[in-house]
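Notes to accompany the following structure.
Just so it is clear, none of the values below were taken in a lab; they were calculated from the coordinates. Being a predicted model, the structure only gives us computed values, none of them experimental. For neighbour counting, all protein chains shown are included, and Cβ atoms are generated from backbone atoms with ideal geometry for every residue, glycine included.
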Amino acid sequence: MSKEEYNIQEELKKWLSKAERVVVAGIGNPMRMDDFVGVKIVQDLRKKVSDMVLLIECETVPESSIQEIVDFHPTHVLLVDAAILDLKPGEARITDCGQLTNFPSISTHDLPLRIFCEYISKMTGARIVLLLIVPEKTDFGEGLSTEVKAAADDIVKVLVKTLP
């Protein structure tokens, strides 16, 4: 599929089509501008989704939320993070955890996300994917760039319509 044909809305709808209980975990550093996009999306979903959705602001330590995720008994886990991909800033892709070596996250994680995903999958049986968004700026500072903020806003709208 070419870059122009990729439709994040359709991919999210397809992946969430049979979801019953969903964890949306935002990953990122609040002091690294666009790296914070995953957490910002989770913050923007607050009070807009049902009780069948658990929103977690993981920041740079998703492993600290393992027990909370397991206790929720999710059918689906969506990890949202910034990643350097061969795309324009603000573009997003969904990928499974097995492809993490192809899509390295720009965030610094104490526990590699691949191992985190494997553990969550084993403990919950949930389907797990990453929603990766290309950052423009990851310098020290706060706030998202224009392109990344627009992408985050669009993703929030799609998730509000699509989540159970």
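Within the chain, the selection of entire DSSP H helices by a Cα span of 15 Å or greater along the long axis and an average Kyte-Doolittle value of at least -1.0 returns 113-124, 146-162. Note on the stretch 3-162: dipole from Cβ charges, positive end direction compared against Ser145, Val24, Ala82; the farthest Cα belongs to Val24. Dipole magnitude for the stretch 3-162: about 500 debye, using +1 per Lys or Arg Cβ and -1 per Asp or Glu Cβ, origin at the Cα centre. In order along the stretch 68-83, the Karplus-derived 3J(HN,Hα) couplings, from 6.51 cos²θ - 1.76 cosθ + 1.60 at θ = phi - 60°, round to 4, 5, 4, 5, 6, 6, x, 8, 9, 10, 10, 9, 10, 8, 7, 7 Hz, and Gly and Pro are given as x. The per residue volume of the convex hull around the alpha-carbon atoms of the stretch 3-162 is 101 Å³. Taking the DSSP beta bridges with both ends in the chain, the antiparallel portion is around 25 percent.
For the listed peptides 87-93, 56-62, a ranking on the average number of other beta carbons within 10 Å per residue, highest first, reads 56-62, 87-93.
Spin-label model, Lys88/Lys48: points 7 Å from Cα along the beta carbon direction are separated by 2.2 nm.
By the Cβ distance rule of under 4.7 Å, the chain has these cysteines without a partner: Cys58.
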